[in-house]
C-alpha cells in the first residue's frame, strides 16, 4: 500500500536498525530506580512539573485531613467555626479529568508512582490551600494551551503548515473549547491558507467572524485570506 | 499463591526490562529525548509498563507494545519541554549530523537518520520508526497505538516525504 523507500534511504535506515548495547551498570541503575518507584521509594526522578492526578488526590487527602483536624481543634477551642471553610476535596487536576485526547491512541498512563507522590509539595494550611492549588491547575492548563499555540504560531511564521496544523489539531483535541480557542481558530485559518486549502479556510473564517466579531485576530485572519 | 504470582510477574518484568532497556532507550532517542534525559524517561516508561504488565499478551511481540509506552513518554517529555528546548533539540540533532568527518559510514548513517527523524512531527515519527526501522506491520502499529490502519498509512506517507526531505537537507549541509 505504500511505495518502497528510496534504496539510499533504506541503506541509511539499515544502519539504525541495530540497537546499541547499554552498559549492564546503567541497566541495573535504572532498574533500581524503577523498583524504588514501583515500591514507593524515592529513587524516582521528578518527571512532571505539574500536579498529576495522584498528586492532586494526595494533596486533597492531606488537605481534607488537616481541615478536619483544624475543624476539631477550632471546635474544641471555642473558635467561631463559621469563619473556617469546610474542608473540600479538591477537584482533580486537568490531567486527571481530561487525559490529553491528542494521544488517545497511546497506552493509558498508569497512575504516577508513589515516589512522585512522595515529592508532592507539602500541603499548606487548609484554608489557604485550595485557592493556590486551583490557580496552579488553571495555570498549568493555560501553559499547556499556550505551548501548543506557540508552536503553531512559530510554524505559521516559518510557513511550516504541517507543523502548525498538527499543533492546532492537538490543541483542538486537548482543549476543544480552551481559553485560547479564538487564537487557535485564527492560526488554523492561516495554516490552511499556507497549504492552499482556501475553501476550508474561508469557511473557518466566516465562522470566526461570527463567533468573534471584535477579535484582535480579525485583521491577521483577513490578511491571510487576501490573495 | 498471590505472592507467588506477584513474584513471578516481577521476575518476568525484570527480565523484559534487562533485555529491552537498550531498545527502549534507543527508541526514546529516536523520538527526540535528549541523552541526558534518557534514564529519567526510560524510568517513566518502565514504571508505566510495570503498571500494565498484567495486561501484556505474551503471545504478541513485546517491542511494539513497549514502543507505544515510549511514544507516550516521549510525548509527555516534549510537552514538558519549552519550544526553545525543542528547538535546541533540533539544533543538537543537526549538529550531530555534521560532526565527525572521519567516522565510519555506519556511524555517519546513524547520525543522519537520527537528525532527520527530529524533523518529523512526533505522531508521524512514531509510525515511521515503528515501520521503517523496527519493521512492525501497519496492522500491528495500528493495534498498539490504537489508531486506524488508514491513519498509519497517512502518517507513514507524510513521514517518508519529510524524512526524505530532511536527509537531503542534511546531506547538503554536510561540510565538504
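Just one residue in the set B:148, B:166, B:142, B:159 is surrounded by fewer than 18 Cβ atoms within 10 Å (Cβ to Cβ) and either without any contact (Cβ under 8 Å) to a residue 24 or more places away in the chain or outside the structural domain of residue B:49 (by TED's automatic domain parsing) (or both); that residue is B:148.
Listed by position, the helices (runs of 4 or more DSSP H) inside segment A:173-227 whose residues that are closer than 23 Å to residue A:140 by Cα number at least 2 are A:181-194.
Of the set (1) surrounded by fewer than 20 Cβ atoms within 10 Å (Cβ to Cβ); (2) over 17 Å from the mean Cα position of the chain (by Cα); (3) modelled with pLDDT of 90 or more; (4) within 8 Å of chain A (Cβ to nearest Cβ), all apply to residue B:82 but (3). Being within 27 Å of residue B:154 (Cα to Cα) and modelled with pLDDT of 85 or more is the requirement here; does residue A:146 meet it? For residue A:146, the condition - within 27 Å of residue B:154 (Cα to Cα) and modelled with pLDDT of 85 or more - is not met. Residue B:33 falls short on exactly one of the conditions (1) at pLDDT 90 or above; (2) surrounded by 16 or more Cβ atoms within 10 Å (Cβ to Cβ), and that condition is (1). Only one of the numbered conditions (1) closer than 25 Å to residue B:76 by Cβ; (2) surrounded by fewer than 17 Cβ atoms within 10 Å (Cβ to Cβ) is violated by residue A:157, and that is (1). All of (1) more than 20 Å from residue B:42 (Cα to Cα); (2) modelled with pLDDT under 90; (3) at the interface with chain A (Cβ under 9 Å from one of its Cβ atoms) hold for residue B:146 with one exception: (2). In this structure, residue B:47 does not qualify as part of a helix (DSSP H, G or I), farther than 20 Å from residue B:11 by Cβ and at the interface with chain A (Cβ under 7 Å from one of its Cβ atoms).
The values are calculated or read from the model by the stated rules, or taken from the named source; none is laboratory data. Note that the structure is a prediction, hence the values are computed from the model and not measured. We place every Cβ from the backbone using ideal geometry, glycine too, and count neighbours over all the protein chains shown.
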